[in-house]
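**Q** There's a structure below that I have some questions on.
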There are 2 protein chains.
Amino acid sequence: MFMRKKCRRVNPENIKSLMEKVPDSEIITRMSAIFQALQSDTRLKILFLLKQKEMCVCELEQALEVTQSAVSHGLRTLRQLDLVRVRREGKFTVYYIADYHVRTLIEMCLEHVEEKS
Amino acid sequence: MFMRKKCRRVNPENIKSLMEKVPDSEIITRMSAIFQALQSDTRLKILFLLKQKEMCVCELEQALEVTQSAVSHGLRTLRQLDLVRVRREGKFTVYYIADYHVRTLIEMCLEHVEEKS
DNA sequence: TAAACATATGAACAACTGTTCATATATTAA
DNA sequence: TTAATATATGAACAGTTGTTCATATGTTTA
C-alpha cells in the first residue's frame, strides 16, 4: 500500500478518533467468526428450526435432508461460537438457541431481506 | 446420504410443519449472502466506521490502512446487498449505513461477543 | 483542454470452507 | 455383554473468497 498524498475530505485527527471507537482486532475477529458461521444455508436452516423448538441431531438430520455428519459439523461450529447450546437427554443430544442476541440477529437479517422482494 | 430408520424423537408430521416455517431457499440464500459479507474484518471495520459518520472511500482507506482497491471492493459487496448506500458529493462518493437493521445486526453481534471475555 | 484527484473493476493467486466418507465414541436396550 | 441407536470427528477434495496489481473511468481544477 502506498500513502495517497491528498484527499480534501480527510482530517487525520478525526480519522484517528473514529478509529478509536472501532472495536479492537480481537473483538472484530470474533465477530467475523460469528458471521462466517451464519453464512451457510445449512447452519441458517438449523437456527430457524431451533428457533421454533429445541431439537436433537437426528431430528435436524431428517428435517434438512443432509447427512448426519454435515449436521453435526454444523452444530459444532455454532456451539463453539456459543450460538447454540447443548443438553444431554438420555441418548439424545438436544440443541437450542443460545440467547436473544442470536434470535435478534437472525430476525434483523430476515427483515432486511424480506423488505425488498 | 442414507435414510436412518429409527429415531424415537422424530415425529415426521412435526418435522414437516417445522420445516414449513423455515424461510424458503431463495430467502435463506440471500441471508447467507449478507452474513457472508459481514464475515470480513475489513468490511466489519468499514461498517463500524460508517456507523459513526458517513464517509468517502479515501477516508476509509486512510482509517483502515488497506489499499484503495480493497476498500472499494469491500464497499461494492456491502452496497450490492444494500447494507450501505451511496451518495455523490462532487468528486467524492459518500457511503453510509443503509438502515437500522444493519446497525442492530452489528450491535447484537458485538454484545454477544463482549458478553463473554 | 490537460493534469490531478477519486473511485471502480477484472484477473489471478493463496487461503479458507463445507461437504462427504470412513470411522470412533457414547448411550441404551436386550 | 452384545447389538442397535445417536453423535462426533479427522481427512480430503472441490468450490469459494479477499487481497493486490494493473488499469479504466469519472470528476474537478487550472
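The values are calculated or read from the model by the stated rules, or taken from the named source; none is laboratory data. Please read all numbers here as calculations on a predicted model, not as lab measurements. Every residue, glycine as well, gets a Cβ built from its backbone with ideal geometry; the counts of neighbours run over all protein chains shown. Each accessible area value is taken on the protein alone, full model and side chains, heavy atoms only, with ligands, DNA and RNA left out. Shrake-Rupley method; radii C 1.70, N 1.55, O 1.52, S 1.80 Å.
**Q** Could you give every pair whose Cβ atoms fall below 7 Å, whose first residue belongs to the range A:62-75 and is more than 10 Å from DNA strand D (Cβ to nearest atom), and whose second residue is of a type in the set (D, E, K, R), counting only separations of at least 6 or pairs across chains?
**A** A:64/A:45
**Q** Taking the stated definitions as given, is residue B:35 at the interface with another protein chain (Cβ under 7 Å from one of its Cβ atoms), more than 27 Å from residue A:28 (Cα to Cα) and of a type in the set (Phe, Trp, Tyr)?
**A** So residue B:35 fails the test.
**Q** Filter the range B:90-107 down to the residues that are within 15 Å of residue A:114 (Cβ to Cβ) and among the charged types (D, E, K, R) and list them by number.
**A** Listed by number, the list holds a single entry, B:99.
**Q** Assuming residue A:80 fulfils every condition listed in (1) in contact with a helix residue (DSSP H, G or I) (Cβ under 7 Å, 6 or more places away or on another chain); (2) under 30 Å from residue B:11 (Cβ atoms) apart from one, which condition is it?
**A** (1)
**Q** Additional query: Among A:22, A:113, A:102, A:94, which is the only one that is part of a strand (DSSP E or B) and hydrophobic (A, V, I, L, M, F, W, C)?
**A** Step by step, each of A:22, A:113, A:102, A:94 is checked, and only A:94 is part of a strand (DSSP E or B) and hydrophobic (A, V, I, L, M, F, W, C).
**Q** Can you pull out every residue in the range A:17-58 that is touching a residue at least 24 places away in the same chain (Cβ under 8 Å) and near DNA strand C (Cβ under 10 Å from one of its atoms)?
**A** If the condition is that a residue be touching a residue at least 24 places away in the same chain (Cβ under 8 Å) and near DNA strand C (Cβ under 10 Å from one of its atoms), then A:33, A:37, A:38, A:40, A:42, A:43, A:44, A:46 are the ones that fit.
**Q** Kindly establish whether residue A:30 is surrounded by 14 or more Cβ atoms within 10 Å (Cβ to Cβ), within 29 Å of residue B:49 (Cα to Cα) and modelled with pLDDT under 95.
**A** When the stated conditions are applied, residue A:30 passes them.
**Q** Something else about it: Just one of the numbered conditions (1) out of contact with any Cys (no Cβ under 8 Å at 6 or more places or on another chain); (2) within 9 Å of another protein chain (Cβ to nearest Cβ); (3) within 14 Å of DNA strand D (Cβ to nearest atom) is not true of residue B:51; which one?
**A** (3)
**Q** Turning to a different aspect of this structure: Just the residues that are assigned to a loop (DSSP other than H, G, I, E, B) and open to solvent by less than 60 Å² (accessible area, probe 1.4 Å), please, taken from the range A:10-19.
**A** Listed by number, the list holds a single entry, A:10.
**Q** Follow-up question, since we're still on this one. Say we look at the range A:59-107 and pick out the residues that are within 15 Å of DNA strand C (Cβ to nearest atom) and charged (D, E, K, R); which of these is surrounded by the most Cβ atoms within 10 Å (Cβ to Cβ)?
**A** The residue in question is A:61.
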